[in-house]
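Single-structure report; data block below.
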Amino acid sequence: TKFEKELSQGDAMVIQVNGQEEMRVVKMRLSNTSCGISSAFSANLSSPTPFSVIRKPRDERREAHMQKEKSIVSQKEAEERAQGTFAGNNQFVFRERTEHGSYRIQKVELDQTLSRGELLSMRSKKTSDKYC
């Protein structure tokens, strides 16, 4: 069996048991050879048994909503990662060398909003900033 590719949660599995068709809903897919179903079949299935699958109906509105939410979250995460230590357009952040040879981060609030390019230009004029 290839349950991992053939089944998903909510699909219906139809199997012939003692000459009668029985249908069970897949509750969980555990592996390629094991899945959890809504209730047991009327007889034990000890040998491989052919089955057919009826797919769960898709909720396209819900899927579109979930996709939109996922894209918003990933965009926010990307923006947070992009800004990092030097975040903010009205805050000038630079590194200053200490007397012991290490660096400390200095933050200066600005009266105006500057672009990231302008902030980089200001940082590059600070000779002690090791990132410029």
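Summary of computed values
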quantity	calculated
Pairs where the first residue, in region 48-59, is within 14 Å of Val25 (Cβ to Cβ) and open to solvent by 100 Å² or more (accessible area, probe 1.4 Å) and the second is part of a loop (DSSP other than H, G, I, E, B) and not small (Gly, Ala, Ser), C-beta under 9 Å, 6+ apart	Arg55/Asp11; Lys56/Gln9; Lys56/Asp11
Qualifying positions in region 14-36 - assigned to a strand (DSSP E or B) and open to solvent by 50 Å² or more (accessible area, probe 1.4 Å)	Gln16, Gln20, Glu21, Met23, Val25, Lys27, Met28, Arg29
Condition check for Arg104: without any contact (Cβ under 8 Å) to a residue 40 or more places away in the chain, over 32 Å from the mean Cα position of the chain (by Cα) and part of a strand (DSSP E or B)	yes
Complete set of residues in region 7-23 that are under 17 Å from Pro57 (Cβ atoms) and of a type outside the set (S, T, N, Q)	Leu7, Gly10, Asp11, Ala12, Met13, Val14, Met23
Test: residue in region 112-130 that is surrounded by fewer than 10 Cβ atoms within 10 Å (Cβ to Cβ) and at pLDDT 85 or above	no
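The values are calculated or read from the model by the stated rules, or taken from the named source; none is laboratory data. Everything numeric in this text was worked out from a predicted model, so none of it was measured. Heads up, the Cβs are rebuilt from the backbone with ideal geometry, glycines too, and the neighbour counts pull from every protein chain shown. Just the protein is used for accessible areas: all its heavy atoms, side chains included, with ligands, DNA and RNA removed. Shrake-Rupley method; radii C 1.70, N 1.55, O 1.52, S 1.80 Å.
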